[in-house]
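Derivation of every value follows stated rules applied to the coordinates shown; laboratory data play no part. The structure displayed is predicted, hence computed values, not measured ones. Here Cβ is always computed from backbone atoms with ideal geometry, including for glycine, and neighbour counts include all displayed protein chains.
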Amino acid sequence: MSNRQTSTDVILIGAGIMSATLGTLLKELVPDWEITVFEKLATAGEESSNEWNNAGTGHAALCELNYTVEKSDGSVDISKAIKINEQFQVSMQFWSYLVNSSLIRNPRDFIAPLPHMSFVQGEKDVTFLKKRFKALSINPLFKGMEFSDDPKRLMEWIPLMMKDRPSNEPIAATRIESGTDVNFGALTRLLFEHLQRQGVSIQYNRSVDNLKRTSDGLWELKVRNADNGSIERHTAKFVFIGGGGGSLHLLQKSGIPEGKHIGGFPVSGLFMVCNNPEVVARHHAKVYGKAKVGAPPMSVPHLDTRFIDNKKSLLFGPFAGFSPKFLKSGSMFDLITSVKPDNLVTMLAAGAKNIPLTKYLIQQVMLSKEKRMEELREFIPDAKSEDWDLLVAGQRVQVIKDTDTGKGTLQFGTEVISSADGSIAALLGASPGASTAVSVMLEVIARCFPQYMEAWEPKIKEMIPSYGVSLLQNPALIQEVHTLTSQTLALSEKVPVYN
Ligand SMILES: Cc1cc2nc3c(=O)[nH]c(=O)nc-3n(C[C@H](O)[C@H](O)[C@H](O)COP(=O)(O)OP(=O)(O)OC[C@H]3O[C@@H](n4cnc5c(N)ncnc54)[C@H](O)[C@@H]3O)c2cc1C
């Protein structure tokens, strides 16, 4: 057992998209700070950020029906859609900065333009979609959105979904060309390659087992080296817990009061992947449907063209499910060991409240392939079982906490938890996830380094022109941002690799 020790300015735990983004932002703001990354697996972006573990949707609320809810007066509330769109514009600006500064050479390596569509069936949902379209299409953030309930037009947009579709039910769709497919796994790897070139020490096969405050105000991490079984001690002034599903346990170990009374609820995922290139070639969009009654928002079904490994693919899902693991590579004891005296009541309350959800998730796990095919046939009426394989997706851990609405409330968003002195922060939750990595990491920076924000603001604004400003209130800025980001997307389109 060795006793290797190092001391650094910043330690990032986990090599997913969140640590990659925070590390890149910090290196641009303060190039001389020393950053060390510890990742328990052998490479970067292997858990939720991996391209096969998430849906790769650049969530800009262009197609996700759950971001626009129908109010009791029949109108459609688009405030959440606006917030998510603005957050995505922040990511797009930062990625454009990376491309324009040659920190990432080719946007095609991680992003591709792809129409985003919403698709509904039945009179009630068609009426809802029409209202949603009316509310969004007049908003400059959603410029270019089209609506159609004409089967001929729909045949042009989604031929694979329209072929052999019975004509006895009303159907409708919206389509917007400015959507994206993002390969978050590739982006994560590109960012870590860039960080390595900048002198960041990225240590794989290193699992952070524990962390504690030292008497001189630093954080000391106990790190297990899986290459030789040794235990190392590393200290830092600032620690970011970017362990994805592994973050909750580490936050609990840190002992900070802000991390108390919080629990985690794991939701697993499954995709169906098309293995028939002829079928794959007949679809070109991300098409989001409506969640089934009782289904959690993260299991809204969608049929997605994806660009992975320089190839066009077609995925359907995700089907939600239940597993007590907090990471795909996690342990069956993750859920039970996350129950502590301080969150026991919160967890019990959540357990009692969420029996129907747990039942739904367990039923989903038990679904046969044929039952899953039936759900797919709502999208592709003539889908053949032999053309589709099952793929285990990433694990999400939803936050459970006490809120104004009661004890043990399940949250579906992401949450930044930080200590009062700003020396440690953790990211919990998973949705809208990787798409909002840049604005969420800017929140970490603002919370943990308030003393530097004034000095850093000009550089942040150089990278993200809309930083700190509402795009919606600044039509000229929307135009500027759209021009900037569409140039990046156009660059990505120029190289015709996908077939
Ligand atoms: C099925 C599914 C579909 C999704 N679809 C989308 C989508 O379409 N669009 C979107 O924007 N987002 C989507 N998301 C969410 C998105 O994938 C996540 O929000 C994002 O990848 C989380 O990144 P992360 O860096 O926090 O975590 P991760 O990518 O999980 O990375 C955490 C890393 O920390 C490491 N780690 C954990 N514990 C330790 C430890 N103790 N010591 C050292 N290392 C540790 C892990 O090995 C891992 O590499 C989806 C997620 C799932 C599961």
Quick shape check on the stretch 219-331: root eigenvalues a ≥ b ≥ c of the Cα gyration tensor, a/c under 1.5 is rounded, otherwise prolate if a/b tops b/c, else oblate, and it reads prolate
In degrees between 0 and 90, to the nearest 10, how far off the longest principal axis of the chain does helix 475-494 point, with axes built from Cα atoms?
-> 90 degrees
Residue-span extension gain [residue 292 to residue 311] - 0.36 nm each, minus C-alpha spacing = 3.7 nm
Segment residue 156-residue 486, length gained on full extension (0.36 nm per residue, minus Cα span) | 116.4 nm
Proximal lysines relative to residue 71, as straight alpha-carbon distance under 17 Å, when same-chain residues fewer than 8 apart are discounted = 80, 124, 130, 131, 134, 290
Long-range amide H partners of residue 114, meaning residues 5 or more apart or on another chain whose placed amide H is closer than 5 Å, are 179, 180, 181
Can you pull the one-decimal nm distance between simple spin-label points at residue 231 and residue 369, each 7 Å off the Cα toward Cβ?
-> 4.7 nm
Amide H contacts of residue 69 (H built 1.01 Å from N, under 5 Å, at least 5 apart or other chain) = 77
If each residue's Cβ is checked for other Cβ atoms within 10 Å, how do 59, 116 rank with the fewest at the top?
-> 59, 116
Once phi is turned into θ = phi - 60°, what whole-Hz ³J(HN,Hα) does the Karplus curve with 6.51, -1.76 and 1.60 give for every residue of the stretch 445-452, x standing for Gly and Pro?
-> 4, 5, 6, 8, 10, x, 5, 9
DSSP loop (so not H, G, I, E, B), at most 14 other Cβ within 10 Å: list which GluC sites (Glu not before Pro) in the stretch 288-391 pass both filters.
-> none
Once every DSSP H run of n ≥ 4 in the chain is given -39500 (n - 2.57) and the sum is divided by its residues, what mean residue ellipticity at 222 nm do you get, rounded to the nearest 500 deg cm²/dmol?
-> -10000 deg cm²/dmol
Quickly rank 228-234, 218-224, 198-204 as a protection proxy: mean count of other C-beta atoms within 10 Å, highest first.
-> 218-224, 198-204, 228-234
Enumerate the calculated ³J(HN,Hα) couplings along the stretch 269-277 in order (Karplus 6.51 cos²θ - 1.76 cosθ + 1.60, θ = phi - 60°), each rounded to whole Hz, writing x wherever the residue is Gly or Pro.
-> x, 9, 10, 9, 10, 7, 9, 10, x
Please list 90-103, 421-434 highest first by mean number of surrounding beta-carbon atoms within 10 Å per residue.
-> 421-434, 90-103
Calc'd 3J(HN,Hα), the stretch 101-114, phi into Karplus 6.51 cos²θ - 1.76 cosθ + 1.60 (θ = phi - 60°), Hz, glycine/Pro = x, comes to 8, 6, 7, 10, 6, 10, x, 4, 5, 9, 9, 9, x, 7
Taking amide hydrogens as modeled 1.01 Å from N in the peptide plane, which residues meet the under 5 Å criterion relative to residue 331, leaving out close sequence neighbours?
-> 326
DSSP beta bridges in the chain: the antiparallel percent, rounded to 5, is 75 percent
For the stretch 337-446, size of Cβ-based charge dipole, Lys and Arg +1, Asp and Glu -1, in debye | 380 debye
Taking the convex hull of the alpha-carbon atoms of the chain and averaging its shadow over every direction gives an area in square nanometres of 23.6 nm²
Looks like the stretch 349-499, by Cα gyration tensor root eigenvalues a ≥ b ≥ c and the a/c under 1.5 rounded cutoff (else prolate when a/b is bigger than b/c, oblate otherwise), is oblate
